[in-house]
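What follows is a set of notes on a single structure, which appears directly below.
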Amino acid sequence: MGVPTLACQCAVCTSADPHDRRLRPSILLRWTESDGGAVRSNERIVVIDTGPDFREQALREHLTHVDAVFYTHGHADHVLGMDDLRPLSFIAAKQGGPIPLYTDPEAAATLERIFSYTFSPQATYVNRARVQMVPLSAHNRVHGVDFVRVPLLHGEQSIAGYRFGNAAYLTDVSAIPEESFSLLAGVEVLVISALRHMPHPSHSTVEQSLEWSRRIGARQTWFTHISHDLGHEETNRALPAGVRLAHDGLTVPVTL
Ligand SMILES: [Zn+2]
Ligand SMILES: [Zn+2]
């Protein structure tokens, strides 16, 4: 819902701490791809999820291009900003082609329904986003980096988490299937959702995510997709070493 949550007057929603202002969850991966010793090296950018706040986040990060987008699932808080890829997609199209959107069939169907004026074969809107759906595989290689799909459960729904290098991004998870733990072996930097303390049918609690973090053995764990039940400072004081609430604009080095 974002924090402050509309119409809410709770201590977190009215907090003066900038860390208590939370846009909808998304991450950006930025790396430099060397082109084999030639003069130029290329900055590569992959975004995971484009929620309703994507435009504001892209402005904050001075985003001038996107090489690919990965989607976790088709819920509004993860997909509604797709259309704001348009100006970036015009740049991509000029430089070689549409922006690939790596998506499970279910999320692809949702995107195609919401943005039918972009995806329908009958679409005639000339300024539609230059994007192209790419079916998500177990391994997805983007400019030399392997994005591994990590199957997760979000309530009844099967959704995608991602492993890349020594890091993983697992949002909107309520259960991790046993087989997925082997895909997470060796993860040192874990970004995982932790909605609140009170149980929720389709999101893990802080306690559950802490347990998974311990099992995975991450050196560093960042909680994301945090509701207004969790104040930044107060919650962080109670978390064990190596585990913290993430905040908007946080930058974390990872090894790809
Ligand atoms: Zn969701
Ligand atoms: Zn969500």
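The values are calculated or read from the model by the stated rules, or taken from the named source; none is laboratory data. For clarity, every value in this text was computed on a predicted model and none was experimentally measured. So basically every Cβ, Gly included, is an ideal-geometry build from the backbone, and we count neighbours across all protein chains shown. The protein model used for the area step is the full one, side chains on, heavy atoms only, and it has no ligands, DNA or RNA in it. Shrake-Rupley method; radii C 1.70, N 1.55, O 1.52, S 1.80 Å.
Remarks
- Taking the stretch 14-37 as the range and being assigned to a loop (DSSP other than H, G, I, E, B) and in contact with a Leu (Cβ under 9 Å, 6 or more places away or on another chain) as the test, only 24 passes.
- Contacts under 7 angstrom Cβ, first residue in the stretch 10-36 being under 21 Å from residue 56 (Cβ atoms) and among the acidic types (Asp, Glu), partner open to solvent by 60 Å² or more (accessible area, probe 1.4 Å) and modelled with pLDDT of 95 or more, 6 or more apart: 17/233
- For beta carbons closer than 8 Å, sequence separation of 6+ or different chains, a first residue in the stretch 176-187 that is of a type in the set (Phe, Trp, Tyr) and a second that is modelled with pLDDT of 95 or more and in a helix (DSSP H, G or I), the qualifying pairs are 181/215; 181/216.
- Residues that are in contact with a Ser or Thr (Cβ under 6 Å, 6 or more places away or on another chain), of a type outside the set (Val, Ile, Thr) and under 13 Å from residue 48 (Cβ atoms), drawn from the stretch 148-162: 160
- Considering residues of the stretch 50-64 that are in a helix (DSSP H, G or I) and among the aliphatic types (A, V, I, L, M) only, the residue farthest from ligand 2 (Cβ to nearest atom): 59
- With respect to being charged (D, E, K, R), open to solvent by 80 Å² or more (accessible area, probe 1.4 Å), over 26 Å from residue 256 (Cβ atoms) and touching a helix residue (DSSP H, G or I) at 6+ places or on another chain (Cβ under 8 Å), residue 55 fits the description.
- Look at (1) loosely packed, with under 12 Cβ neighbours inside 10 Å; (2) at pLDDT 95 or above; (3) farther than 27 Å from residue 113 by Cβ and you find that residue 6 fails only one, number (3).
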